[in-house]
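S.K.: One structure is given below, represented as C-alpha cells, and several questions about it will come after.
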Amino acid sequence: MNKLFCLAAATMLTLPAFSASFRADLSGSNKVPLSPVENKDAIVLKPMHWVEEPARQFTLTGTAPQECSGDWNEYTFSFRPETDGLVMISFIGDRGNILITNIRLDGKLIDNGKLTVADRKNPKVPQGFYARGAGFEFLPTGGIDGGGAAKTGPEDHLIYQFRAIRDKVYTFTVSARLAQ
C-alpha cells in the first residue's frame, strides 16, 4: 500500500502543469506585407518561421513571455502594414486553453470587443469575428464584468479581420486569462 502511494505521488509530480500563453498570429493574406513595431512591455512580433518565403513577409506571430494565470491580464502588440489591405488576426491560446475578451485597437474597444453579441447567422461565434477549431467556445457572459469571452486554444482560434491603411501603426490590446 505504501509503495502504491509513493508510485502514485511520483507519477503526479512528473505530470506537466496546466499552462497556456496568449498568442497572436497575423496575416496580410499574401497581399499586405507586415512589419512588427517595438512597443515597451508589448509582445514581440516576428515573421512566422514555419511559412516559406516569399509568403513569410505577409505574416507575424508573437507569444506573451508570461503564461496566463487565473486572473485577467492585458496583452499588447503593435504592427505596421506596408500596403493597404485586409489583415487577419488570430487570437490563440498557446499550449492550452485561455479566455479572451475586451479587444481594443489603439486604446478603444473594437465593435463587439467585449464579445457580448452573437453572430446572427452563426450564434456560436461573436458578431464581427470568425472562429476556427472544434473546441472553440463563445461565452456571452464569460468575460470581465458580465461581458463575453471566447475560449481559444492551440487549434481553436478567434479571428478578427479588418482593412488596414499603409504605414499606420496599429496597437491591439487584449484581456486574457487561463480557462478553468
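S.K.: Please work out the FRET efficiency for the pair V37 and W72, using the Cβ-Cβ distance as r and a Förster radius of 30 Å; give the result to the nearest 0.05.
M.R.: On the way: r = 25 Å, r/R0 = 0.82.
FRET efficiency, V37 to W72: 0.75.
S.K.: Shifting gears a bit: Rolling a 1.4 Å sphere over the protein heavy atoms, what is the accessible area per residue of the chain, to the nearest Å²?
M.R.: Working: 10180 Å² over 180 residues.
Result: 57 Å² per residue.
S.K.: Would you work out which of G142, M88, A55 lies farthest towards the positive end of the dipole of the chain? Charges go on Cβ: Lys and Arg +1, Asp and Glu -1.
M.R.: Positive-most Cα among the choices belongs to G142.
S.K.: Read phi for every residue in the stretch 96-106 and hand back ³J(HN,Hα) as whole Hz from Karplus 6.51 cos²θ - 1.76 cosθ + 1.60, θ = phi - 60°, with x for Gly and Pro.
M.R.: Karplus values, whole Hz, x for Gly and Pro: x, 8, 10, 9, 10, 7, 6, 7, 10, 10, 6.
S.K.: Place a +1 charge on the Cβ of each Lys and Arg in the chain and a -1 charge on the Cβ of each Asp and Glu, then give the dipole magnitude about the Cα centre in debye, rounded to the nearest 20. Present the calculation step by step, with values, prior to reporting the outcome.
M.R.: On the way: 20 positive and 19 negative charges, 54 e Å.
So the magnitude is around 260 debye.
S.K.: Another question about this same structure. Hey, for a label at F162 modelled as a point 7 Å past Cα toward Cβ, could you say which residues of the stretch 121-137 have their backbone N under 19 Å away?
M.R.: Only 126-131 pass the distance filter.
S.K.: Could you run the Debye sum over the Cα atoms of the chain, one equal point scatterer each and no solvent, and tell me log10 of I(q)/I(0) at q = 0.18 Å⁻¹, two decimals?
M.R.: Evaluating at q = 0.18 Å⁻¹ gives log10 I(q)/I(0) of -1.14.
S.K.: Using a 1.4 angstrom probe on the protein heavy atoms only, line up H49, H157 by accessible area, largest first.
M.R.: Working: H49 145, H157 10 Å².
My answer, sorted largest first, is H49, H157.
S.K.: Would you mind checking K46/K124; K114/K168; K46/K151 for any pair whose Cα atoms are more than 28 angstrom apart? Provide the component values of the computation, followed by the final result.
M.R.: Working: K46/K124 31 Å; K114/K168 24 Å; K46/K151 24 Å.
Distance filter (> 28 Å) returns K46/K124.
S.K.: Per the 1.4 Å probe, what fraction of the accessible area of the stretch 50-180, in percent, lies on carbon and sulfur atoms? Working shown, then result.
M.R.: Details: 3180 of 6570 Å².
Carbon plus sulfur share of accessible area: 48 percent.
The values are calculated or read from the model by the stated rules, or taken from the named source; none is laboratory data. Please read these numbers as outputs of a predicted model, since none were measured by experiment. Note that we place each Cβ from the backbone using ideal geometry, even for glycine, and neighbour counts take in every protein chain shown. All accessible areas refer to the heavy atoms of the entire protein, side chains included, with ligands and DNA or RNA removed. Shrake-Rupley method; radii C 1.70, N 1.55, O 1.52, S 1.80 Å.
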